[in-house]
Amino acid sequence: MDKNTITGFILMAVILFGFTFYQSRQAAKRMAEQPVDSLVVNAMSDSLIAATPELQPVPAAPVAPKAEAPVYKDAGLQAAQAAESSIVTLENDLMKLELNSRGAQPHSLLIKDFRNYDSTALYLFKPGDSEYSVSVYTGEFIRTANFNFTLVESSPSLAVFRLCFGDGGYIEQKYAIEDGSYMVHNTLSFIGMKSIPRNVSSIDFDYSMTIPRMEKGYKNEAQYSKLDYYLPGDKKPVEIGRSRNSSKRISSSVEWFAFQQQFFSAIFDSDQPWAGGDFAVSFFPQEDESRNLMTCTASMRRDFKPGQDVVYNNSIYFGPSKYPTLKKFDRKYEKIVPLGGSLVGWFTRFVIIPLFDFLHKGISNFGIIILIMTLFIKLVVLPFTYKSYASSSKMQALRPEIEKINERYPKQEDAMKKQQATMDLYKRAGVNPMGGCLPMLLTFPILWAMFRFFPASIELRQQPFLWAEDLSTYDAIFDFGHRIPLIGDHLSLFALLMAVTMWVYSKMTMSNQASNDPNAQSMKFMSVWMMPIMMFFICNSLSAALSYYYLLSQLISMLEIWIIRRFFVHPDELLAKVRASEGKPLPKSKWQQRLEAAQKMQEQQRRQNSKRK
């Protein structure tokens, strides 16, 4: 293996290690014993406050257990505040949604077709761990989460709640679901609300959700969990989070936003954009006894036109973050699935995912599917890998001749002569010194695409293969019982086998390098020892499918190198060719021939111009 090839490998490791380190920074500790309401930003419209300076806002939640409940001038509101709440259930073949009449809001969401890692029921949010509230001024500030709505219509797929006012107007929340769908249709209506002043121009929407842990590995789950929001006209949504507490204030329009766990999401959309708002995500520590993952909040503002009935048609997707499923909505929801940048994402969307889905139609074992995918990818890049391996093999065959050149020009002042002699040797042998590096750089997008695809693919979730119980997370064959720096609290067999195979591969490719050059020895140490160790640390806590793919890729590469060396590169013939060409003029390349022809033509024109003068 030549220096360029080794440099390529090191570059790949640096990219992978840098990506993993960037995403694995531990989240700060959860805000101490803080109620969920305190995470929601309740910023009222500046125009409302300016129009009603004497108004004192009512707290969203009591600041102390013994605090008195607020008193409302509207008798209907006062009665709704004191009324007992009830739970209403909407259910189809895919999910079970519980609604709380207090606030007319989602209470819990059970996804039926999936289970947590420990085989318990999978809740996207557990009872009481979600809040959806609307704040509006009706002569006094009200927040819908503080009031019990009256259930006026109910069925297994429909629930309609109303909060009635003394002037005959009411706020209505309607929820509807359909069989075979994870989408919840929500209609918020303000009917006959004469008490809302005409100078009110906006209302506030507050969303908060605590998402529990669902996967085996906290680190991997937190790395792929985030909050996304999509701005009109953008190519993809903006994300915050990924294992770090974060917040963001948006002053422009927002079309939709998503609270996203590694494999499941709650996506909030509407028929008209929000006018702006605040987003925040806060991660729980790994040791959290409640086994919660994160709390996501969104405080949004919507334009409002008083003096008439106002209806907002909203939708909420509660379900798996599966690329084909999200893409069918044609709202760019699928962009929340992390598939890499533009080039890598293109390859994943149009090659990896279609191939994966095609193979899954006829093959149920995902370990076999990954094997076939690896063989297919290796076949596609075979022209590049052949050129790379052939160039490396030829460079190794020329090692004796290069050693002779080094002995001929040992002094530093002869560096230029040494370089010229080395390039002359490469030309006589027909070897391109960059041939081993460039083809490998062209295969990096594929390696990166697989690095992003496997941990984000819900199809691999809880799919067993060999000793691995779940290909979407690490395959622990031994648990240490406590965390060890760099390694973690477990040992992954697929990651260990991948590292050992990489070590054998490096030994195999560098077996003919016996140079005493310190730089060459340093590069050899990096390739044989540092690379496998580094890759083991990176992959030990990642998806078993990813380590399995790299393991297969290394084994196939070793087979390719053996075939190329055995049947396509013959060192004796190459050296004989070099020695036979000594003392003879080197064949000129087409570029050199064209350059000389241009120089001759230029010289002829110069002579003709001289004769004319």
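Here, each number is a calculation from the coordinates, and none is a lab measurement. Predicted model, so just to flag it, every value in this text is computed and none were measured. Neighbour counts run over all protein chains shown; Cβ positions are idealised from the backbone, glycine included.
Key figures
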| quantity | calculated |
| --- | --- |
| Lys, Arg +1 and Asp, Glu -1 on Cβ, resulting dipole of the range 77-128 about Cα centre, debye, nearest 20 | 100 |
| Options Ile191, Ser201, Pro237, ranked by Cα towards positive dipole end of the range 191-254, top entry (Cβ charges) | Pro237 |
| Fewest-first ranking of Phe263, Phe525, using other Cβ atoms within 10 Å as the exposure measure | Phe525, Phe263 |
| Listed peptides 213-226, 553-566 by packing density, highest first (mean Cβ within 10 Å) | 213-226, 553-566 |
| Too-long pairs where the Cα-Cα distance tops 31 Å, listed order kept, from Lys335/Lys507; Lys236/Lys524; Lys126/Lys322; Lys174/Lys327; Lys216/Lys335; Lys219/Lys332 | Lys335/Lys507; Lys236/Lys524 |
